[in-house]
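Here is the structure we will look at, set down as C-alpha cells.
The values are calculated or read from the model by the stated rules, or taken from the named source; none is laboratory data. Just so it is clear, the model here is predicted, and its values are computed rather than measured. Note: ideal-geometry Cβ built from the backbone for every residue, glycine included; neighbour counts use all protein chains shown.
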C-alpha cells in the first residue's frame with residue numbers, strides 16, 4: 001500500500017513538473033532532464049514510471065478525458081445538460097488544457113474529447129432522427145463545434161459563464177439536430 005502511494009506521488013510529481021515546464025516551452029523543446037530536475041526524481045525513476053515524455057502526455061490526457069467520459073456516460077440525453085457538463089469540465093481543467101494546447105499538443109487532446117462528445121451527441125440525436133445515416137455526420141460536426149467553442153473560450157479568457165457557454169452550444173446543437 002505504501003509502495004503504491006509512493007508510486008502515485010512520483011507519477012504526480014512528474015506530471016506536475018511536465019505541465020509546469022510546458023507553460024513556458026513547446027513539447028518539442030521539453031527534455032526529460034528538465035522534467036526530472038523539476039520533479040525531484042532521478043532519470044531512472046522517470047523511465048521506470050513512464051518510459052517516455054510521450055507517455056507522460058498520454059497519461060495527462062487520459063486522466064482528463066477519463067473523468068469527462070465517466071461524467072458524460074451518466075448524463076441524461078439532454079443537449080443543455082451535456083453542454084453544461086462539457087463546459088464545466090473545460091472550466092475545471094482550463095489551465096491544463098490551455099497548457100496542452102499552447103505546447104502544440106492539440107492532436108493528443110482533441111481526438112479523445114471529440115470521440116466522447118460524438119458518442120454522447122449520437123445517442124441524443126438517435127432518439128429523434130429520421131435519417132440515421134445523418135446522425136453520425138451531425139454528431140461529429142457537433143462534437144467538433146463544441147471543441148472549437150471550448151478552445152475559443154479558453155483563448156479569450158473564459159469570461160462567459162458555464163451557463164452562457166452551454167446556452168450558445170445548445171443553440172448551435174439544436175440547429176444541427178433540427179436538420180436530422
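Of the numbered criteria (1) modelled with pLDDT of 95 or more; (2) assigned to a loop (DSSP other than H, G, I, E, B); (3) under 30 Å from residue 55 (Cα atoms), the one residue 160 fails is (3). Of the helices (runs of 4 or more DSSP H) that lie entirely inside segment 7-114, those containing 2 or more residues that are under 24 Å from residue 140 (Cβ atoms) span 53-74, 79-92, 94-102. If you check every pair at least six apart or on different chains, which have Cβ atoms under 9 Å apart with a residue in segment 90-113 that is assigned by TED's automatic domain parsing to the domain that holds residue 141 and under 10 Å from residue 154 (Cβ atoms) first and a residue that is crowded, with 18+ Cβ neighbours inside 10 Å and modelled with pLDDT under 90 second? Going by the 9 Å Cβ cut-off, the qualifying pairs are 97/109; 101/109. Look at (1) closer than 20 Å to residue 75 by Cα; (2) under 17 Å from the mean Cα position of the chain (by Cα); (3) surrounded by 16 or more Cβ atoms within 10 Å (Cβ to Cβ) and you find that residue 144 fails only one, number (3). Quick check, is residue 60 more than 21 Å from residue 121 (Cβ to Cβ) and buried (at least 18 other Cβ atoms within 10 Å of the Cβ)? For residue 60, the condition - more than 21 Å from residue 121 (Cβ to Cβ) and buried (at least 18 other Cβ atoms within 10 Å of the Cβ) - is met.
When the criteria are applied in full, residue 55 meets the requirement of being modelled with pLDDT of 95 or more, out of contact with any helix residue (DSSP H, G or I) (no Cβ under 7 Å at 6 or more places or on another chain), closer than 20 Å to residue 104 by Cα and surrounded by fewer than 19 Cβ atoms within 10 Å (Cβ to Cβ).
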